[in-house]
Amino acid sequence: MLEARLDTANLFKSAVDAIKDLVQDCNFDCNDSGIALQAMDNSHVALVSMMLKAEAFSPFRCDRNIALGVNLTSLTKVLRAAGRDDTLTLKAEDAPDVLNLVFEATAQDRISEYDLKLMDIDQEHLGIPDTEYAATISMPSAEFKRITTDLMAMSESVTIEATKDGVKFSSTGDIGNGSITLRQHTPVDKPNETVEIELSEPVALTFSLKYLTNFCKAQPLSNQVKLCLSAEVPLMVEYGLEGGSYLRFYLAPKIGD
Amino acid sequence: KVKQGSIMSFFGSS
C-alpha cells in the first residue's frame with residue numbers, strides 16, 4: 001500500500017495546478033523511491049516529467065509499484081478543499097479503485113477526508129535520453145514568466161539564443177519585433193535573482209510561446225528555473241524542488257522546412 | 001516556414 005504525508009499541502013496543490021492545463025489523465029507511478037509522473041500533452045509537442053522523491057514526504061511508505069490513474073481536473077477539485085498549510089496524506093491500497101486524501105489543519109483540529117475514483121490509463125512511457133546540453137541557463141522563475149508573457153503579445157514563437165554574451169529571447173510578429181537579453185548576474189545578497197549561463201557552445205532554437213507560458217504556471221514552486229538547450233533537441237525547463245524532487249517540462253522545437 | 005516538431009520524434013518509447 002501507499003502512504004505518503006506532506007507537511008504542507010502547498011507543494012502538491014501547486015504541482016498539480018502547474019500541469020493540469022497541459023495534461024488531463026495521467027498515472028502517478030508510486031514505488032519505494034517516490035511518486036513519479038510522465039505525460040505528454042494531447043498534441044504530442046510537450047512532455048511533463050515530475051518526480052516527488054520519498055524524502056519529500058514524512059513518512060513515506062510504498063511496498064510495491066502502484067499506478068494511480070488520475071483525472072487531474074477531478075484531483076484539482078478535491079485539492080481545492082485542502083488549505084495550503086494543511087498536512088496532506090495520500091493513501092492507496094495495492095490494487096486501488098480510489099486514492100484517499102486526508103487534509104489536516106492541526107491548529108483547528110479539523111480533518112477532512114476524500115476518496116477520488118481512479119481510472120485505468122494505458123499510457124505510453126517515453127525514454128528521455130541523458131543529454132549534455134550546449135547551454136544551461138538558470139534564472140528567476142518570475143523573470144522567465146514575464147519574458148514569455150511580454151513576448152506572447154508580439155508573436156506565437158520565441159527564439160532563444162544563448163551565446164557567451166548572454167541569453168536573448170526574441171520574437172517577430174505582425175506588429176513588429178521585440179527582444180529581451182539577460183546577461184550573467186550573480187548578486188551576492190539576492191541569490192534568487194541570479195542569472196547563470198553555462199555554455200559549451202552557442203545555440204539558438206525556436207519554440208511555441210503558448211507552451212512556454214503554460215510551463216510558467218509552475219512558477220510558485222521555485223524561485224529559480226533552469227532552461228537547458230541543445231541544437232535540434234527538445235528544450236528542458238526545470239523547476240527544482242527541495243531534496244532533488246523536480247517538475248520538468250520538455251518542449252519540441254520548431255523546425256525550418 | 002517553420003514547423004512544430006513532435007516530442008515523439010525525439011524521445012522513443014521505453
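Among the residues of segment A:238-254, write down those that are more than 13 Å from every other protein chain (Cβ to nearest Cβ), in contact with a helix residue (DSSP H, G or I) (Cβ under 7 Å, 6 or more places away or on another chain) and on the phi < 0 side of the Ramachandran plot.
Going residue by residue through segment A:238-254, those that are more than 13 Å from every other protein chain (Cβ to nearest Cβ) are A:238-247.
Checking the rest, the ones that are also in contact with a helix residue (DSSP H, G or I) (Cβ under 7 Å, 6 or more places away or on another chain) come to A:239, A:241-243, A:245, A:247.
Within segment A:238-254, A:239, A:241, A:242, A:245, A:247 meet the criteria.
Show me the strands (runs of 3 or more DSSP E) entirely contained within segment A:41-110 in which 3 or more residues are touching a helix residue (DSSP H, G or I) at 6+ places or on another chain (Cβ under 8 Å) and of a type outside the set (S, T, N, Q).
Output list reads A:46-53.
Residue pairs, Cβ under 8 Å, 6 or more apart or interchain, first in segment A:117-138 and closer than 25 Å to residue A:27 by Cα, second aromatic (Phe, Trp, Tyr). List them.
Listed by first residue and then by second, the contacts come to A:126/B:11; A:127/B:11; A:128/A:250; A:128/B:11; A:129/B:11.
Looking for whichever is among the hydroxyl-bearing types (Ser, Thr, Tyr) and closer than 15 Å to residue A:12 by Cβ here; the options are A:133, A:114. Which one fits?
A:114
Restricting segment A:215-234 to residues that are away from chain B (no Cβ under 14 Å) and surrounded by fewer than 20 Cβ atoms within 10 Å (Cβ to Cβ), which is farthest from the chain's Cα centre (by Cα)?
Within segment A:215-234, the match that is farthest from the chain's Cα centre (by Cα) is A:223.
If only one of A:201, A:238, A:196, A:232 is part of a loop (DSSP other than H, G, I, E, B) and modelled with pLDDT of 95 or more, which one is it?
A:201
Taking into account only those residues within segment A:120-130 that are surrounded by 14 or more Cβ atoms within 10 Å (Cβ to Cβ) and part of a loop (DSSP other than H, G, I, E, B), which is farthest from the other protein chains (Cβ to nearest Cβ)?
The qualifying residue farthest from the other protein chains (Cβ to nearest Cβ) is A:121.
The values are calculated or read from the model by the stated rules, or taken from the named source; none is laboratory data. Values in this document were obtained by computation on a predicted structure and should not be read as measured data. All Cβ positions, glycine included, derive from the backbone under ideal geometry; neighbour counts span all protein chains shown.
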